[in-house]
Ligand SMILES: [Fe+2]
């Protein structure tokens with residue numbers, strides 16, 4: 001069974017790794033020019049699909065298991081959880097926006113306007129995600145360490161591991 005701290009470290013690492021990969025692909029798209037554009041659009045599209053998969057699991061586990069558990073045991077965390085939930089919605093919105101722009105630019109060789117919008121949306125999405133992960137580290141991990149007792153931590157671990165097993169065959 002995975003411990004809580006291992007779980008959170010792995011989760012954080014996997015999201016940030018995907019975010020860095022997306023960021024890199026957007027940098028290539030920006031600086032490598034028109035000749036490599038089709039190839040770079042393809043890479044960015046692949047990166048955003050991988051990120052989407054990771055974030056879907058991240059969001060579902062947090063919203064179905066982690067947030068309700070914290071709200072039950074530490075009700076004073078309600079405002080911050082509300083904020084993290086709205087962050088999830090905003091991240092999703094920007095991800096969809098970026099995907100649509102990548103589809104648009106792939107169909108238009110002279111898409112100067114889309115190229116600018118892709119950079120703008122991409123930079124916003126990347127910083128939103130980095131900030132989100134940082135906030136969760138501060139507000140979820142630290143709270144768990146400080147405010148849950150041994151039995152509550154064990155119970156929390158069990159619930160997270162059960163969810164992971166049901167949804168990913170324990171692969172994560
Ligand atoms: Fe989150």
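The values are calculated or read from the model by the stated rules, or taken from the named source; none is laboratory data. Not measured: the values here are computed from a predicted model. Counting neighbours? That spans all protein chains shown, and the Cβs are built from the backbone with ideal geometry, glycine included.
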> What are the residue pairs meeting all of these: first residue in the stretch 43-60, first residue closer than 9 Å to residue 25 by Cα and touching a residue at least 24 places away in the same chain (Cβ under 8 Å), second residue within 15 Å of the ligand (Cβ to nearest atom) and assigned to a helix (DSSP H, G or I), Cβ atoms under 8 Å, and 6 or more apart or on different chains?
Replying inline: 47/18
>> Being out of contact with any strand residue (DSSP E or B) (no Cβ under 8 Å at 6 or more places or on another chain) and either closer than 18 Å to residue 5 by Cα or away from the ligand (no atom under 16 Å from the Cβ) (or both) is true for just one of 92, 85, 130, 72. Which residue is that?
In response: 72
> Considering the stretch 1-32 alone, what residues qualify as being part of a helix (DSSP H, G or I), exposed (fewer than 14 other Cβ atoms within 10 Å of the Cβ) and at pLDDT below 90?
Replying inline: 5, 6, 31
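This table checks each residue for (1) touching a residue at least 24 places away in the same chain (Cβ under 8 Å); (2) touching a helix residue (DSSP H, G or I) at 6+ places or on another chain (Cβ under 6 Å); (3) on the phi < 0 side of the Ramachandran plot.
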residue	(1), (2), (3)
117	no, yes, yes
123	yes, no, yes
150	no, no, yes
159	yes, yes, yes
>> Being crowded, with 17+ Cβ neighbours inside 10 Å and free of Cβ contacts under 8 Å to residues at least 24 places away in the same chain is the filter here; which residues of the stretch 33-42 pass it?
In response: 40
> What do you reckon, is residue 95 more than 14 Å from the chain's Cα centre (by Cα) and free of Cβ contacts under 8 Å to residues at least 60 places away in the same chain?
Replying inline: no
> Only one of (1) within 16 Å of the ligand (Cβ to nearest atom); (2) surrounded by 13 or more Cβ atoms within 10 Å (Cβ to Cβ) fails for residue 98. Which number is that?
Replying inline: (1)
